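Structure first, commentary second.
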Amino acid sequence: MKVSKVIVTLLNGLPETLSLLVASFFFASLIGLSMAWLYLRKNPILSDLAKIYLGIVRGTPPLLMLLLSYFGLPKLFALVGININDWAKIFFGIVGLSVGWGAYLEEAFRSAYLSVDKGQYEAALSVGMDVKHAFLQILMPQTFLIALPNIENLLIGLVKATSLVYVMGMVDMYSKATDLSNQNQGVYQLEIFIILALLYWLIVLLIEWLFRMFHRYYRYVEI
Amino acid sequence: MLLEIKNLKKKFVNNTVLKGIDLSINAGEVVVIIGPSGSGKTTLLRNINFLEQADSGKMTFKNKRLNLANLSNEEILWVRRHTAMVFQNYNLFKNKTAIENISEGLIFGQNKSKKVALQLAKKSLDSVGLLDKQDFYPAQLSGGQQQRIGIVRATVLNPDIVLFDEPTSALDPELVGTVLYDMKHLADQGQTMIVVTHQMSFARNVASRVVFFADGEIIETGTPSEVFDHPKNKRTKQFLSAIAEDY
């Protein structure tokens, strides 16, 4: 079998993989930010809510999170009379991965926020900024820059975790590879999986390059 | 009277740091607070712009009476927008360039347009000869340059009082002179200042009034000559005789 045929077949699954990656990362970041905000509240009930979410999600394999999303969400929606059985599988994949990765992003955001020098906030207040502007102009950008290496690692981890959606029968790059291997009775299995590994690696290289560019832009910002 | 503090008390858990401070400052005065480390000098400064909140006491600032134990957010913001602070560790915003550090307070504290704020910031940077550093981030600047920009960041706001919290303590000795020069220049222009420092020569040469602080109390206050040459209190004499610096 020609290498080009393998590559073209696997790349047919790339749009699903990338859509899953981008959407999951976006929603996981929203969940992570919201949970970090809740966690840092002085209100013990809100803070405990975030801790419970963290505890459950971090103690559960991502594969299981996808299965819970795929089998559990339709039942949950059915309770309020909404039938989501026919919804696209990517929806369940995005929910499972977002909930699963949100907890790790929460930890990245929260630890970064806590490590911003307190003097930066005080300086912002001392020049007359209100709490909102001190947060938006000074604390949040610095939190983001501190969290960046962890965010990069988590995004790379998410690239690989997208392959887990095969359990729901979703057709992504990994699923295309196993299909192609099965169609050829496993004869070219190794070659197919090596090419698949290289494709995932290329995505990771691209992400690393993007983050490197970002770091280069902010190379003089030492936090 | 620009600022009057009455019976300010502050406690951290069981440690009483300020034991009822009374202090008055007139416009144009340079009040230098000296005293041993840990005596509460910095805490006093931080209570004036409410980075710490006092347990009790009264403050009158620009004829506005404030109950220090019960301040509204508006009162806190109002005081902060009429004062400015220079920090021991500079605390320049690490994610902002020199010019942004100076313009941020004008934009977000004084609602000036970005264009006007940048013009003012440029002019201020130029006045201290640091215009060529306008696009530098704090990490690219020396400690002395950072602190001088810290002073510009404070004074560009045209505050009624500038609070200096040991502005030269974190600097290498050879950089102290330039910062003190900028401070003296400000004092000469009539800027009201409260300065916590261990630079006794600055206190002697620039202060209108020296306050000796120890154990959370004002022990002695007077002109530089009164405090340094004719101290009345035993604690002041002990402190001054223990200082190696030739003041």
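Relative contact order of chain A: 29 percent, from C-alpha pairs under 8 Å at least 6 residues apart in sequence.
The HN-Hα couplings worked out from phi for the range B:36-49 by the Karplus form 6.51 cos²θ - 1.76 cosθ + 1.60 (θ = phi - 60°) are x, 4, x, 8, x, 4, 5, 4, 4, 4, 5, 7, 6, 9 Hz, whole numbers, x standing for Gly and Pro.
Nearest 0.05, what FRET efficiency do A:V131 and A:I207 give at R0 = 41 Å with Cβ-Cβ as r?
Working: r = 34 Å, r/R0 = 0.84.
Result of the calculation: an efficiency of 0.75.
Quick one: grab the alpha carbon gyration tensor of the protein assembly as shown, order the square roots of its eigenvalues as a ≥ b ≥ c, and give me rounded if a/c is under 1.5, else prolate or oblate depending on whether a/b is larger than b/c. In terms of gyration-tensor shape, prolate.
Could you calculate, for the range A:118-217, the ratio of the Cα radius of gyration to the Kirkwood radius, expressed as Rg to Rh?
In the range A:118-217, Rg relative to Rh is 1.28.
For trypsin sites (Lys or Arg not before Pro), the sites in the range A:116-223 that DSSP calls loop and that have at most 15 other Cβ atoms within 10 Å are A:R219.
For A:M173, B:M200, which order do you get if you count the other beta carbons within 10 Å of each Cβ and list the fewest first?
Ordered by Cβ neighbours within 10 Å, fewest first: B:M200, A:M173.
Among the GluC sites (Glu not before Pro) in the range B:195-247, those placed in a DSSP loop whose Cβ has at most 11 other Cβ atoms within 10 Å are B:E245.
Over the range A:3-217, consider all pairs of different Cα atoms and compute the Kirkwood hydrodynamic radius from their mean reciprocal separation; express it in Å, one decimal.
Values: mean 1/r = 0.0517 Å⁻¹.
By the Kirkwood definition, the hydrodynamic radius is 19.3 Å.
For B:L66, the residues whose amide H sits under 5 Å from its own are B:M59, B:T60, B:F61, ignoring neighbours fewer than 5 places away on the same chain, with H placed 1.01 Å from N. Take each residue in B:100-112, count the other chain C-beta atoms within 10 Å of its C-beta, and the mean is 4. Exposure proxy for B:E104, A:E107: other Cβ atoms within 10 Å of each Cβ, ordered fewest to most, give A:E107, B:E104.
Karplus-based coupling profile of the range A:170-185, in residue order and whole Hz: 7, 8, 10, 4, 5, 5, 4, 5, 5, 4, 4, 5, 5, 4, 9, 6, with θ = phi - 60° in 6.51 cos²θ - 1.76 cosθ + 1.60 and x standing for Gly or Pro.
Quick one: among B:V227, B:V116, B:V211, which has the greatest mean-square fluctuation in a GNM of chain B with alpha-carbon springs under 10 angstrom? Result for chain B, Cα springs under 10 Å: B:V116 fluctuates most. Assuming charge only on the beta carbon of Lys and Arg (+1) and of Asp and Glu (-1), the dipole of the protein assembly as shown about its Cα centre is about 700 debye to the nearest 20. What separates the Cα centres of the range B:41-117 and the range B:18-40 is a distance of 18 Å.
Result for chain B in a Gaussian network model with C-alpha springs under 10 Å: among B:N47, B:N26, B:N63, the largest mean-square fluctuation is at B:N63. Per the Cα gyration tensor, the range B:93-140 maps to an equivalent ellipsoid with semi-axes of 17, 13, 7 Å, ordered largest to smallest.
Quick one: Debye curve from the C-alpha atoms of the range B:103-247, no solvent, what's log10 I(q)/I(0) at q = 0.17 Å⁻¹? Log10 of I(q)/I(0), two decimals: -0.99.
Seen from A:A124, the other residues with C-beta closer than 13 Å to its C-beta sum to a net charge of +2, counting Lys and Arg as +1 and Asp and Glu as -1. Compute a Gaussian network model of chain A, connecting alpha carbons closer than 10 Å, and tell me which residue from A:V22, A:V159, A:V127 fluctuates the most. Greatest mean-square fluctuation among the candidates belongs to A:V127.
Looking at the range B:95-188, none of the trypsin sites (Lys or Arg not before Pro) sits in a DSSP loop with at most 11 other Cβ atoms within 10 Å of its own Cβ. Once C-alpha pairs closer than 8 Å and six or more residues apart are averaged by separation and normalised to the residue number of the range B:1-155, the relative contact order reads 19 percent.
Values in this text are rule-based calculations from the coordinates and carry no lab data. Please read these numbers as outputs of a predicted model, since none were measured by experiment. Every residue, glycine as well, gets a Cβ built from its backbone with ideal geometry; the counts of neighbours run over all protein chains shown.
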